[in-house]
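Every number in this text was worked out from the coordinates using simple rules, so none of it is lab data. All values derive from a computational prediction rather than experimental measurement. All Cβ positions, even for glycine, are placed from backbone atoms using ideal geometry, and neighbour counts span all protein chains on display.
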Amino acid sequence: MTQPKLPVTCPSCATALSVTQLSCGHCGTAVSGNYTLPLLLQLSEDDLQFVLQFFMTGGSLKEMASQMGNSYPTVRNKLDDIIERINQLNKKSNP
């Protein structure tokens, strides 16, 4: 059973959500504040899976293409798209 993905946008207005509290399930300690989500958590589930596979293949796009049954250019384009999304998210976080 897969765990639900952490929501990153408001279901009412689609604005980016922020973390306001973290708590320890063991001792009950809670930390409150207003923290932005890390960039990678703001990616879609598909993009996160791609990044994980990229990491697990040691960054070999050739190996990824073989595992995915896709051509090298297709996998390279997917990586370029993810890099662009991360750059856009980074610009929003650091105007």
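Here are some notes:
- Assigned charges on the beta-carbon of Lys, Arg, Asp, Glu; segment 38-93 dipole about Cα centre (debye): 160 debye
- Pair ASN34, LEU48: separation of 7 Å Cα→Cβ label points (nm): 2.5 nm
- The protection proxy used here, the mean number of other Cβ atoms lying within 10 Å of each residue, ranks peptides 5-13, 45-53, 86-94 as follows, highest first: 45-53, 86-94, 5-13.
- R0 of 41 Å, Cβ-Cβ distance LEU17-GLN67: FRET efficiency to nearest 0.05: 0.80
- Three-way shape call for segment 38-93 based on the alpha-carbon gyration tensor, with the a/c threshold at 1.5: prolate
- Cα-based shape type of segment 7-54, given that a ≥ b ≥ c are square roots of the gyration tensor eigenvalues and the cut on a/c is 1.5: oblate
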